[in-house]
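Below is one structure, written out as structure tokens; comments come after it.
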6 protein chains.
Amino acid sequence: MATVRLLTDDELAPEARSVFDDIRATYNTDYVNDFWRALANDPPTMRRTWLALKEAMGPGALEPKVKEMLYVAVSIAHGCEYCIHTHTAAARRKGMTDAEYGELLGIVGMAAQTNRLVQALGVPVDPVYRV
Amino acid sequence: MATVRLLTDDELAPEARSVFDDIRATYNTDYVNDFWRALANDPPTMRRTWLALKEAMGPGALEPKVKEMLYVAVSIAHGCEYCIHTHTAAARRKGMTDAEYGELLGIVGMAAQTNRLVQALGVPVDPVYRV
Amino acid sequence: MATVRLLTDDELAPEARSVFDDIRATYNTDYVNDFWRALANDPPTMRRTWLALKEAMGPGALEPKVKEMLYVAVSIAHGCEYCIHTHTAAARRKGMTDAEYGELLGIVGMAAQTNRLVQALGVPVDPVYRV
Amino acid sequence: MATVRLLTDDELAPEARSVFDDIRATYNTDYVNDFWRALANDPPTMRRTWLALKEAMGPGALEPKVKEMLYVAVSIAHGCEYCIHTHTAAARRKGMTDAEYGELLGIVGMAAQTNRLVQALGVPVDPVYRV
Amino acid sequence: MATVRLLTDDELAPEARSVFDDIRATYNTDYVNDFWRALANDPPTMRRTWLALKEAMGPGALEPKVKEMLYVAVSIAHGCEYCIHTHTAAARRKGMTDAEYGELLGIVGMAAQTNRLVQALGVPVDPVYRV
Amino acid sequence: MATVRLLTDDELAPEARSVFDDIRATYNTDYVNDFWRALANDPPTMRRTWLALKEAMGPGALEPKVKEMLYVAVSIAHGCEYCIHTHTAAARRKGMTDAEYGELLGIVGMAAQTNRLVQALGVPVDPVYRV
């Protein structure tokens with residue numbers, strides 16, 4: 001349950017409306033995720049977050065599919081159910097296969113395990129890895 | 001500082017020694033990370049962890065470089081300094097460019113930001129994303 | 001879904017009942033949050049937690065509204081949906097405006113982002129910040 | 001130890017140099033934190049992060065001191081040693097007293113405790129808190 | 001809501017079916033948790049996870065009840081609602097009393113509190129605790 | 001590096017001094033951990049934390065060794081290096097054997113792995129586990 005109302009298109013302030021327009025144009029779809037309908041209650045944070053997100057997830061050196069898989073990995077480690085669902089769906093739309101998803105799960109699980117083992121043991125970084 | 005002693009090759013129990021042999025053969029190097037020298041104090045956990053890690057990070061559908069980048073992403077979200085250093089180094093060895101590393105950082109940062117915004121707002125998963 | 005039953009007033013042990021009395025007197029309301037009805041299954045932990053909470057959140061140098069906003073910020077970072085909802089509501093009751101809530105969201109999001117970037121990069125604390 | 005080199009002023013790319021100029025002008029000091037010297041290795045992420053941070057932490061409804069204290073609270077929950085140090089120092093520069101810092105610690109500690117108790121008990125949000 | 005379908009017994013691949021057989025034999029029950037029905041979509045990760053879990057949670061130096069309580073403690077700190085529920089139930093089946101559960105809650109809460117206070121204060125490990 | 005000075009015995013306020021006396025009497029040792037020397041800068045938070053900790057970790061239904069092991073497990077999941085070191089040392093003083101420590105590590109690692117797998121897959125709690 002949200003702490004704020006999810007705004008309908010009719011309730012958007014002008015600054016939020018123009019972000020919605022850009023989201024729709026960028027993703028080439030009329031559907032806008034409920035995250036934006038919640039964040040639209042604070043247009044400056046929404047605009048700033050959207051512009052940064054669009055830039056970070058836009059065309060670059062990494063494949064769009066890989067970018068979404070990295071997003072999913074971080075979202076799992078932060079326990080964000082909404083983000084896991086929406087970015088897993090986005091990764092699939094961008095080409096992630098079942099086999100790739102299975103490997104992602106395997107890596108996230110092993111990283112979680114060794115992260116905690118290393119922290120439990122307090123191992124300092126090997127001198128050979130110093131930049 | 002570690003909670004256990006980092007074992008030298010001479011101090012390894014037979015079960016741990018055979019894991020060291022496999023690590024050296026798998027990575028084709030004589031160097032064994034200090035994590036394993038710490039975990040070698042408990043050979044069963046070390047063997048189990050190594051075999052699972054070798055399988056999860058072994059050849060598959062995803063590029064080795066991408067696998068390491070996913071590992072780095074999770075390690076950052078868990079705040080594991082050791083893991084971040086060693087897997088960032090591994091990703092570079094496997095071909096991660098500076099541009100790709102910059103994009104990884106950008107994605108991890110934006111995911112962290114939107115993960116917390118979504119959790120702050122308590123947005124339920126949009127019905128359209130239900131499997 | 002809770003791991004324990006939420007106790008009704010009639011089911012409280014005497015030690016838990018006296019904590020309920022103090023909660024009602026402190027907040028000047030008959031309503032007691034379900035968190036306490038769950039924790040009432042273990043009266044010593046409930047009493048200890050309540051007394052410490054009452055002291056930490058009681059009158060002091062910081063405004064009550066700011067105290068609740070700090071509580072919300074921590075709860076978001078820990079991903080505690082219940083705590084986010086109840087303390088966001090409490091912050092509003094104590095005067096947090098929509099604009100202040102928007103700024104809180106913006107700060108939490110940016111802190112999450114830079115926290116993870118700093119950890120990714122492993123930056124040591126600048127010598128000038130040493131106490 | 002950082003995963004990248006901390007760049008000196010002489011090593012900055014033009015895009016990073018102009019961000020440094022803005023940081024110095026905004027904070028009215030010649031000193032630039034090592035975080036920016038690390039992030040300067042990826043100018044686009046650095047520029048985007050700086051502009052968003054400047055906006056989120058700039059003048060608004062909340063006092064600058066309170067904004068920094070919220071930043072500290074999130075940084076503690078994420079275990080970011082660097083961020084804790086630099087933002088605790090910033091909060092003090094902006095007027096946080098010892099008494100206020102003590103209350104911040106008390107609130108962060110109690111929030112951490114009750115966050116985990118609530119999650120342990122799995123308490124659903126009380127219907128009265130639904131927006 | 002799951003990101004994958006929960007597989008029925010009839011939909012299992014042979015590798016997943018043999019893991020189900022081992023789960024049923026190990027726990028001496030026909031009921032298989034939905035976690036495995038989800039993970040069965042990726043048989044290699046499922047098999048690897050099951051075998052490691054069976055070994056880590058199998059007979060050893062610690063009582064089965066204590067092992068489950070440690071599992072619960074970690075799951076609370078990671079905010080995994082599913083894991084908290086299933087392992088709290090398992091700990092009870094293996095003999096955890098109400099008094100022991102109350103003490104577990106108390107310890108998890110105090111550890112969370114002091115963990116964050118220590119991180120807030122940045123206290124280095126006392127030299128006397130060096131191994 | 002700490003954000004506050006570690007106070008010597010001579011610098012303690014009376015309220016902090018009396019907590020130090022109680023710590024020394026409770027643990028029957030003259031040594032006081034640096035955590036308390038840091039927290040002594042805010043006597044009310046220090047006193048409140050100490051009294052709650054003494055009660056939660058005092059005699060009860062669980063063995064002192066098990067209580068410390070639960071403390072270690074939570075501290076690992078929160079990535080608190082200081083807490084991991086001091087409570088691992090305390091668990092050893094209270095009888096934790098090398099074999100038990102190895103099992104603790106194994107359980108923490110597997111819990112971390114399955115916690116994240118469950119969250120990745122978004123598995124709802126099985127109806128049979130509802131209280």
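A short reminder: the numbers here are calculations on the coordinates, not readings from a lab. The structure presented is a predicted model; accordingly, all values stated were derived computationally and were not measured. Positions of Cβ are generated from backbone atoms using ideal geometry, with glycine treated the same way; all protein chains shown enter the neighbour counts.
Where only DSSP H runs of four or more residues are counted, the protein assembly as shown gives -21500 deg cm²/dmol as its mean residue ellipticity at 222 nm, each run worth -39500 (n - 2.57). By the count of other C-beta atoms within 10 Å, a proxy for reagent exposure, F:L62, F:L51 are ordered fewest to most as F:L51, F:L62. The phi-based Karplus calculation (6.51 cos²θ - 1.76 cosθ + 1.60; θ = phi - 60°) puts the 3J(HN,Hα) values of segment F:63-70 at 4, x, 4, 5, 4, 5, 5, 5 Hz, whole numbers, x for Gly and Pro.
Shown is the FRET efficiency for F:A25 and B:R5, computed with R0 = 45 Å from the Cβ-Cβ distance and rounded to the nearest 0.05: 0.85.
Per-residue Cβ neighbour counts within 10 Å put C:Y82, E:Y31 in the sequence E:Y31, C:Y82, beginning with the fewest. Between the alpha-carbon centres of segment B:43-79 and segment D:104-129 there is a gap of 33 Å.
Given the C-alpha atoms of segment B:61-122, compute the convex hull and give its volume per residue in Å³.
On the way: hull volume 5.2 nm³, N = 62.
Hull volume normalised by residue count: 84 Å³.
Counting beta carbons within 10 Å around each of E:D126, C:D98 and listing the fewest first gives the order C:D98, E:D126.
With viscosity 1.002 mPa s and temperature 20 °C, the Kirkwood radius over alpha carbon pairs of chain F converts through Stokes-Einstein to a diffusion coefficient of 124 µm²/s.
Which value results for Rg/Rh of segment F:7-58 when Rg is the Cα radius of gyration and Rh the Kirkwood radius based on the inverse mean 1/r?
On the way: Rg = 10.0 Å, Rh = 10.9 Å.
Reported Rg/Rh, Kirkwood definition of Rh: 0.92.
Phi-derived couplings, Karplus 6.51 cos²θ - 1.76 cosθ + 1.60 at θ = phi - 60°, listed residue by residue for segment C:96-103: 5, 8, 4, 5, 5, 5, x, 5 Hz, with x used for Gly and Pro. Shown here for segment E:1-85: trypsin sites (Lys or Arg not before Pro) in loop regions (DSSP other than H, G, I, E, B) with at most 15 other Cβ atoms within 10 Å, namely E:R5.
Which value, in Å to one decimal place, does the Kirkwood hydrodynamic radius take for the protein assembly as shown when every pair of different Cα atoms is included? Can you show the working numbers first?
On the way: mean 1/r = 0.0377 Å⁻¹.
So the Kirkwood estimate lands at 26.5 Å.
Step through the table entries B:K54/E:K54; C:K67/F:K67; B:K67/E:K54; A:K65/E:K54; A:K54/D:K65; C:K54/F:K65, compare each Cα-Cα distance with 23 Å, and write down the pairs that go over it. From the list (B:K54/E:K54; C:K67/F:K67; B:K67/E:K54; A:K65/E:K54; A:K54/D:K65; C:K54/F:K65), the Cα-Cα distance tops 23 Å for C:K67/F:K67; B:K67/E:K54; A:K65/E:K54; A:K54/D:K65; C:K54/F:K65.
Look at the stretch E:60-66: the mean tally of other chain Cβ atoms within 10 Å of its residues' Cβ atoms is 6.
Each residue of segment A:9-15 was assigned a 3J(HN,Hα) from its phi angle through the Karplus curve 6.51 cos²θ - 1.76 cosθ + 1.60 (θ = phi - 60°); the sequence is 3, 5, 9, 6, 5, x, 4 Hz, with glycine and proline shown as x.
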